[in-house]
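Working notes, structure below.
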Amino acid sequence: MKQKDVKVLVVDDEVAFANTLAQRLKMRDMEVGTAYDGEQALSKLREKTPDVIILDLKMPGMHGMDVLKEIKRGYPHIQVILLTGHGTDRDEEEARRLGGFDFLNKPADIDHLERKIRKAFQEKLERTM
Amino acid sequence: MENENEEDLKALQLRFVGKIIAGFTHEIKNYLAIIKESSGLIGDMIKMGKLSENDVPEYLEIIQSIEDQIGNAIEHFTHLNRFSHRMDTQISAFNLNECIEELIALLNRFARQKKIVLATDFQQDLPPVKSNPSMLQLLVFSFLENKIAGLEKNGRITVRTGAVDNAVAVKIIPEGTFAEGDADAGTTTGKIRENFIKQLGGNISQGAAKETVITLPVHGV
């Protein structure tokens, strides 16, 4: 499989942020979708399963940590990278315990984020091989 | 007993200021994150050689988005700055609508997190009020905090202002399902509120459906 095939879902309630980040990732040869809250993200998974999800933590309605739990329960192979503006050490610990792949502070450097996504994708491929 | 009240008051004040700062820094960080990605996107497009005349509208759109975010951030800074300066003098003549609008703007994030809409319904041309605006904001906050905590998601809280004779009124109207009993009555916060409203020379009444009405005399204490 080519690296180009990595499918990403960006989940963030800040619409402008989610869209711009999605656009930047698309320019890096990824297939990118967006969801603006947790419920929307979970319903999108039913249509199409991404390889990697970029997930915000503090969103209206469903909290990112609960979204992470649901993803890991229904789709354990999807890699989840938390991208949050105000994560505490405890959040990070909790996210990793729940099976989150990585925990990044927002705004993250795009090259750094791209590397993390590719690494997450690579590990997913190795695990499912 | 007095000391206990003093302690509770300090705890409420700290919680209030803490909430305002937390909400503020969060909003600003979000605006900056969008600005960072937008300027990054411009960089990406240049590096990719998207430099034809056809690309100009896309560039302009991104630049507009950056300007919008900066505008939002400045508005927030203005609110926070005014909020802080209200504590400079105890009693001053102020515009009630501006005072409430500033408070709502600074607390909006907490309501939004719970999918609760914070709406305002202001009577225009209210007379200026001579009173203690900081104390009023703290008082309104103490009610909003309870109602936001008590309401289930998809609720709504409307803050309405109006004038009657020589008084102005702030009416806080929640709509939706309350998850738990409204803790407004009989708590230590209740005593602090009584003390506040006595100092402001006004009145607090609880209406039907968990509505709260705060009345203040226009000409001060």
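Here is how the numbers come out for the structure above:
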| read-out | value |
| --- | --- |
| Odd one out for B:Ala119 among (1) at pLDDT 95 or above; (2) part of a helix (DSSP H, G or I) | (2) |
| Flag if A:Lys26 is within 30 Å of B:Gly43 (Cβ to Cβ), within 14 Å of another protein chain (Cβ to nearest Cβ) and modelled with pLDDT under 95 | no |
| Matching residues in the stretch A:37-88 - criterion: being under 17 Å from A:Lys116 (Cα atoms), more than 14 Å from chain B (Cβ to nearest Cβ) and in contact with a helix residue (DSSP H, G or I) (Cβ under 8 Å, 6 or more places away or on another chain) | A:Asp51, A:Val52, A:Ile53, A:Leu55, A:His77, A:Ile78, A:Gln79, A:Val80, A:Ile81, A:Leu82 |
| Sole residue being more than 10 Å from chain A (Cβ to nearest Cβ) and not charged (D, E, K, R), chosen from B:Ile46, B:Ile34 | B:Ile46 |
| Unmet requirement for B:Val117, which otherwise passes all of (1) more than 23 Å from B:Leu9 (Cα to Cα); (2) crowded, with 20+ Cβ neighbours inside 10 Å | (2) |
| Matching residues in the stretch A:1-12 - criterion: being within 21 Å of A:Lys119 (Cα to Cα) and surrounded by 16 or more Cβ atoms within 10 Å (Cβ to Cβ) | A:Val6, A:Lys7, A:Val8, A:Leu9, A:Val10, A:Val11 |
| Complete set of residues in the stretch A:52-85 that are more than 13 Å from A:Val10 (Cβ to Cβ) and in contact with a Phe, Trp or Tyr (Cβ under 6 Å, 6 or more places away or on another chain) | A:Gln79 |
| Close pairs from the stretch A:9-20: first touching a residue at least 40 places away in the same chain (Cβ under 8 Å), partner part of a strand (DSSP E or B) and of a type outside the set (Val, Ile, Thr), Cβ under 7 Å, at least 6 apart | A:Leu9/A:Gly33; A:Leu9/A:Ala35; A:Val11/A:Ala35; A:Val11/A:Leu55 |
| When residues of the stretch A:1-36 are limited to those that are of a type outside the set (Val, Ile, Thr) and within 18 Å of A:Tyr75 (Cα to Cα), the one nearest to the chain's Cα centre (by Cα) | A:Leu9 |
| Every residue from the stretch A:13-60 that is surrounded by fewer than 22 Cβ atoms within 10 Å (Cβ to Cβ) and of a type in the set (Gly, Ala, Ser) | A:Ala16, A:Ala22, A:Gly33, A:Ser43 |
| Some residue of the stretch B:121-134 being closer than 16 Å to B:Glu211 by Cα and either of a type in the set (Asp, Glu) or surrounded by 20 or more Cβ atoms within 10 Å (Cβ to Cβ) (or both) | yes |
| Of residues in the stretch B:49-77 being away from every other protein chain (no Cβ under 14 Å) and under 17 Å from B:Leu32 (Cβ atoms), the one farthest from the chain's Cα centre (by Cα) | B:Ile74 |
| Some residue of the stretch A:89-98 being away from chain B (no Cβ under 14 Å), within 10 Å of the chain's Cα centre (by Cα) and on the phi < 0 side of the Ramachandran plot | no |
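The values are calculated or read from the model by the stated rules, or taken from the named source; none is laboratory data. Owing to the predicted nature of the structure, the values given are computational and were not obtained by experimental measurement. Neighbour counts run over all protein chains shown; Cβ positions are idealised from the backbone, glycine included.
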